[in-house]
Amino acid sequence: MTQLRIQPGIMEIALYEGGKSALAGHSDVLKLSSNENPLGPPPAAQQAIREAAATVHLYPSTDHAELRAAIGEVHGLDPERIICGVGSDEVLQFVTQAFSGPGDEIIHTAHGFSMYPILSHMAGATPVCVPEVDRVVDVDAILAAVTDRTRIVLLTNPGNPTGTILPDAELVRLADGLPEDVILVIDAAYAEYAEGYDGGASLASSRRNILMTRTFSKIYGLGGLRIGWGYADPAMIAVMTRIRQPFNLSGLQMAASIAAVRDLDWVRDCVALNADQRARLTGALRQLGLACDDSQTNFVLARFTDEAEAMSADAALQADGIIVRRPTSYGFAEGLRITVGDEAQTGRVIDTLTRWREGAA
């Protein structure tokens, strides 16, 4: 019997695993495993969804013009340089599919987003993993890994699951050091949580080989709708648009994201809550003798003595109905990634870990 021919790289793909969302025997589950906004989406976005529901029998626009205009208005960007996708993941797929293929290499760092190797294999390219230093991206390691086969560098900034950020000067040094025909993708899903950081927008505005990606899943609380966007030179956007499905975003998605991006007060309040509770959680973890870096995101990576201790703490959290993420696949078997919640949720995590530590003493 003739075997079906499979495209190169497909069978190398390890299936993506999302954050756990349920615990047997618990009705009051606190899910802190997927870096979701504890306040949910803005009321304005919820109202926009309700109103848009009456028009779901109509096809949406194919150029996303109104959404791109709203994004450009709020962020001070040229709408003609914006492309929208089903989450920023789809924009990442656009760039890897359009600019790489069999025989090419795509660089990512050791603790970068776990979708990067998957996207590389989807394009038939070879993922090249480079180390980080103390959970921070190492620019020299990236530049040293560049070969004549390198087509793209995928960079998570701020990092996930580390929560650390590459300083602007180092980001510029990386951009300066890359060949002009190598695309630097700055995946800035958590940019809003990092004070004074533009997500790479200024670099993408001034250079032809840089793409910034952003998402509505985090600060805007619209993870369930899957909306993202990218910003780059018009020539790069034009190429990626050729492989974008014309109706990739629904009318509901666009209505919600347009309302959300214009709700500046909501963003300000969410950032303030996150900063306050992030500091509280970080301080409590350190008081319990647990290592953690200063996070620039909406989560904190707690590092335990070893994997066994991390598993013990995770078991204690689950026994209290709290789900966090064990980032073993990211290279942190000894870690737990904890989404920053609201005041009550953060208190619940701290109380459980305090009891766990006292019981283990």
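Against the definition (in contact with a strand residue (DSSP E or B) (Cβ under 8 Å, 6 or more places away or on another chain), surrounded by fewer than 20 Cβ atoms within 10 Å (Cβ to Cβ), small (Gly, Ala, Ser) and outside the structural domain of Glu132 (by TED's automatic domain parsing)), how does Gly341 come out, yes or no?
Answer is no for this residue.
Restricting the search to region 146-173, which residues are more than 27 Å from Ala275 (Cβ to Cβ) and either surrounded by 18 or more Cβ atoms within 10 Å (Cβ to Cβ) or in contact with a Phe, Trp or Tyr (Cβ under 7 Å, 6 or more places away or on another chain) (or both)?
Thr150, Arg151, Ile152, Val153, Leu154
Have a look at Leu92, Leu67, Leu77 and point out the one that is in a loop (DSSP other than H, G, I, E, B) and either small (Gly, Ala, Ser) or touching a residue at least 40 places away in the same chain (Cβ under 8 Å) (or both).
Leu77
Testing Val271 on (1) β-branched (Val, Ile, Thr); (2) over 22 Å from Tyr197 (Cβ atoms); (3) surrounded by fewer than 18 Cβ atoms within 10 Å (Cβ to Cβ), one condition comes back false. Which one is that?
With (1) β-branched (Val, Ile, Thr); (2) over 22 Å from Tyr197 (Cβ atoms); (3) surrounded by fewer than 18 Cβ atoms within 10 Å (Cβ to Cβ) applied to Val271, the lone miss is (2).
Return a yes/no flag: does region 302-313 have any residue that is out of contact with any Ser or Thr (no Cβ under 7 Å at 6 or more places or on another chain) and under 19 Å from Ala275 (Cα atoms).
yes
Tell me which helices (runs of 4 or more DSSP H) are completely within region 242-361 and hold 2 or more residues being among the polar types (S, T, N, Q) and more than 22 Å from the chain's Cα centre (by Cα), or say none if there are none.
Filter on region 242-361 gives 307-319, 343-360.
What tally of residues in region 176-217 results from selecting those that are touching a Gly at 6+ places or on another chain (Cβ under 9 Å), small (Gly, Ala, Ser) and crowded, with 21+ Cβ neighbours inside 10 Å?
Residues that pass the stated criteria total 5.
Based on this model, can you work out whether Ile118 counts as of a type in the set (Val, Ile, Thr) and either at pLDDT below 95 or surrounded by fewer than 18 Cβ atoms within 10 Å (Cβ to Cβ) (or both)?
So Ile118 passes the test.
Restricting to region 80-89, count the residues that are within 16 Å of Arg242 (Cα to Cα) and in a helix (DSSP H, G or I).
2
Quick one: how many residues across region 1-46 are more than 30 Å from Cys270 (Cβ to Cβ) and either at pLDDT below 70 or not small (Gly, Ala, Ser) (or both)?
Count: 15.
Filter region 328-338 down to residues that are in contact with a strand residue (DSSP E or B) (Cβ under 7 Å, 6 or more places away or on another chain) and surrounded by fewer than 21 Cβ atoms within 10 Å (Cβ to Cβ), then give me how many there are.
Selection size over region 328-338: 1.
Being among the hydrophobic types (A, V, I, L, M, F, W, C) and in contact with a Cys (Cβ under 8 Å, 6 or more places away or on another chain) is the filter here, so list the residues in region 301-357 that pass it.
Result: Leu301, Ala302.
If the requirement is being surrounded by fewer than 18 Cβ atoms within 10 Å (Cβ to Cβ) and either among the polar types (S, T, N, Q) or touching a helix residue (DSSP H, G or I) at 6+ places or on another chain (Cβ under 9 Å) (or both), which of these qualifies: Gly40, Gly85, Gly124, Gly112?
Values: Gly85 fails: surrounded by fewer than 18 Cβ atoms within 10 Å (Cβ to Cβ); Gly124 fails: surrounded by fewer than 18 Cβ atoms within 10 Å (Cβ to Cβ); Gly112 fails: surrounded by fewer than 18 Cβ atoms within 10 Å (Cβ to Cβ).
When all the criteria are applied, what remains is Gly40.
The values are calculated or read from the model by the stated rules, or taken from the named source; none is laboratory data. Predicted, not measured: the structure shown is a model, and the values here were computed from it. Cβ sites come from the backbone with ideal geometry, for glycine too, and all protein chains shown count toward neighbours.
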